[in-house]
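Notes follow once the structure below has been shown.
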Amino acid sequence: MGKQQRFRRVAEEIKKEVSDILRSELKDPRIVKMTSVTDVETSRDISYAKIFVSIYGDKDEQETILKVLNKAAGFIRSEIGKRIRIRHTPEIEFLLDRSMEYGAHIESVLKELEPDRGAEKLE
(Lines give C-alpha, C1' and ligand atoms only; values in the text may rest on other atoms or scores of the structure.)
Protein backbone atom coordinates (compact mmCIF):
# COMPACT_ATOMS: atom_id res chain seq x y z
CA MET A 1 0.00 0.00 0.00
CA GLY A 2 2.93 2.36 0.62
CA LYS A 3 3.97 2.31 -3.04
CA GLN A 4 0.43 3.04 -4.23
CA GLN A 5 0.30 6.09 -1.97
CA ARG A 6 3.65 7.26 -3.32
CA PHE A 7 2.46 6.93 -6.95
CA ARG A 8 -0.67 8.92 -6.13
CA ARG A 9 1.32 11.58 -4.27
CA VAL A 10 3.77 11.97 -7.15
CA ALA A 11 0.90 12.11 -9.66
CA GLU A 12 -0.89 14.81 -7.62
CA GLU A 13 2.31 16.83 -7.34
CA ILE A 14 2.88 16.56 -11.10
CA LYS A 15 -0.72 17.64 -11.70
CA LYS A 16 -0.30 20.69 -9.47
CA GLU A 17 3.01 21.72 -11.03
CA VAL A 18 1.88 21.19 -14.64
CA SER A 19 -1.21 23.31 -13.96
CA ASP A 20 1.04 26.06 -12.64
CA ILE A 21 3.46 25.74 -15.58
CA LEU A 22 0.61 25.97 -18.10
CA ARG A 23 -0.75 29.02 -16.32
CA SER A 24 2.48 30.93 -15.74
CA GLU A 25 5.31 29.65 -17.97
CA LEU A 26 3.85 28.95 -21.41
CA LYS A 27 3.37 32.01 -23.57
CA ASP A 28 0.53 30.72 -25.79
CA PRO A 29 -2.65 32.52 -24.60
CA ARG A 30 -4.95 29.74 -25.92
CA ILE A 31 -3.49 27.30 -23.43
CA VAL A 32 -4.06 29.52 -20.40
CA LYS A 33 -7.67 30.32 -21.22
CA MET A 34 -8.88 26.99 -22.51
CA THR A 35 -6.93 24.22 -20.78
CA SER A 36 -7.05 22.55 -17.38
CA VAL A 37 -5.22 19.49 -16.07
CA THR A 38 -7.76 16.93 -14.86
CA ASP A 39 -5.66 13.89 -13.96
CA VAL A 40 -2.19 12.36 -14.08
CA GLU A 41 -1.43 8.64 -14.30
CA THR A 42 2.10 7.37 -13.77
CA SER A 43 3.67 4.05 -14.67
CA ARG A 44 4.71 1.73 -11.85
CA ASP A 45 8.29 2.96 -11.92
CA ILE A 46 7.23 6.60 -12.45
CA SER A 47 9.22 6.77 -15.69
CA TYR A 48 6.16 7.76 -17.72
CA ALA A 49 3.27 10.08 -16.93
CA LYS A 50 0.06 10.53 -18.87
CA ILE A 51 -1.32 14.00 -18.27
CA PHE A 52 -5.01 14.30 -19.03
CA VAL A 53 -6.21 17.77 -19.99
CA SER A 54 -9.65 19.18 -20.57
CA ILE A 55 -9.66 21.66 -23.43
CA TYR A 56 -12.59 24.00 -23.97
CA GLY A 57 -13.37 24.46 -27.65
CA ASP A 58 -14.27 22.59 -30.79
CA LYS A 59 -12.38 19.52 -32.04
CA ASP A 60 -9.98 21.54 -34.22
CA GLU A 61 -9.02 23.80 -31.30
CA GLN A 62 -8.62 20.78 -29.02
CA GLU A 63 -6.32 19.03 -31.50
CA THR A 64 -4.26 22.18 -32.05
CA ILE A 65 -3.77 22.81 -28.33
CA LEU A 66 -2.98 19.14 -27.71
CA LYS A 67 -0.25 19.31 -30.40
CA VAL A 68 1.14 22.50 -28.81
CA LEU A 69 1.23 20.81 -25.40
CA ASN A 70 2.97 17.70 -26.72
CA LYS A 71 5.53 19.87 -28.54
CA ALA A 72 6.18 21.71 -25.27
CA ALA A 73 6.45 18.42 -23.33
CA GLY A 74 10.26 18.64 -23.14
CA PHE A 75 10.16 22.11 -21.62
CA ILE A 76 7.36 21.13 -19.23
CA ARG A 77 9.27 18.00 -18.21
CA SER A 78 12.39 20.05 -17.43
CA GLU A 79 10.29 22.44 -15.33
CA ILE A 80 8.78 19.49 -13.44
CA GLY A 81 12.31 18.24 -12.79
CA LYS A 82 13.27 21.59 -11.26
CA ARG A 83 10.19 21.76 -9.06
CA ILE A 84 9.72 18.19 -7.79
CA ARG A 85 12.36 16.25 -5.94
CA ILE A 86 12.30 12.81 -7.54
CA ARG A 87 15.19 10.72 -8.82
CA HIS A 88 14.04 10.62 -12.46
CA THR A 89 11.61 13.01 -14.06
CA PRO A 90 9.05 11.00 -16.03
CA GLU A 91 8.56 11.23 -19.77
CA ILE A 92 5.26 13.01 -20.23
CA GLU A 93 2.46 12.74 -22.75
CA PHE A 94 -0.62 14.90 -22.93
CA LEU A 95 -3.96 13.22 -23.64
CA LEU A 96 -7.39 14.71 -24.07
CA ASP A 97 -9.79 14.07 -21.20
CA ARG A 98 -13.24 13.68 -22.65
CA SER A 99 -15.04 13.02 -19.35
CA MET A 100 -16.56 16.52 -19.14
CA GLU A 101 -17.74 16.26 -22.75
CA TYR A 102 -19.22 12.83 -21.99
CA GLY A 103 -20.90 14.13 -18.83
CA ALA A 104 -22.50 16.99 -20.79
CA HIS A 105 -23.76 14.48 -23.35
CA ILE A 106 -25.29 12.27 -20.65
CA GLU A 107 -26.92 15.31 -19.05
CA SER A 108 -28.48 16.38 -22.36
CA VAL A 109 -29.82 12.86 -22.95
CA LEU A 110 -31.36 12.83 -19.47
CA LYS A 111 -32.97 16.22 -20.05
CA GLU A 112 -34.48 14.93 -23.29
CA LEU A 113 -35.96 11.97 -21.41
CA GLU A 114 -37.31 14.08 -18.52
CA PRO A 115 -40.50 15.39 -20.25
CA ASP A 116 -41.36 11.80 -21.17
CA ARG A 117 -41.08 10.72 -17.54
CA GLY A 118 -43.49 13.43 -16.41
CA ALA A 119 -46.07 12.28 -18.97
CA GLU A 120 -45.75 8.67 -17.77
CA LYS A 121 -46.47 9.66 -14.16
CA LEU A 122 -49.69 11.43 -15.14
CA GLU A 123 -51.15 8.36 -16.83
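Things to note:
- Hey, Lys15 surrounded by fewer than 13 Cβ atoms within 10 Å (Cβ to Cβ), under 24 Å from Met100 (Cβ atoms), modelled with pLDDT of 90 or more and not aliphatic (A, V, I, L, M) or not: no
- Sole residue being farther than 23 Å from Gln5 by Cα, among the charged types (D, E, K, R) and touching a Lys or Arg at 6+ places or on another chain (Cβ under 8 Å), chosen from Glu25, Glu61: Glu61
- Residue in the stretch 56-79 that is outside any helix (DSSP H, G or I) and at pLDDT 90 or above present: yes
- Of residues in the stretch 27-55 being at pLDDT below 85 and among the aliphatic types (A, V, I, L, M), the one surrounded by the most Cβ atoms within 10 Å (Cβ to Cβ): Ile31
- Residue that is modelled with the highest pLDDT, among those in the stretch 83-103 that are surrounded by 11 or more Cβ atoms within 10 Å (Cβ to Cβ) and assigned to a helix (DSSP H, G or I): Arg83
The values are calculated or read from the model by the stated rules, or taken from the named source; none is laboratory data. It should be emphasised that the depicted structure is a prediction, and the values quoted were computed from it without experimental measurement. FYI the Cβ positions are ideal-geometry reconstructions off the backbone, even for glycines, and counts take in every protein chain you see.
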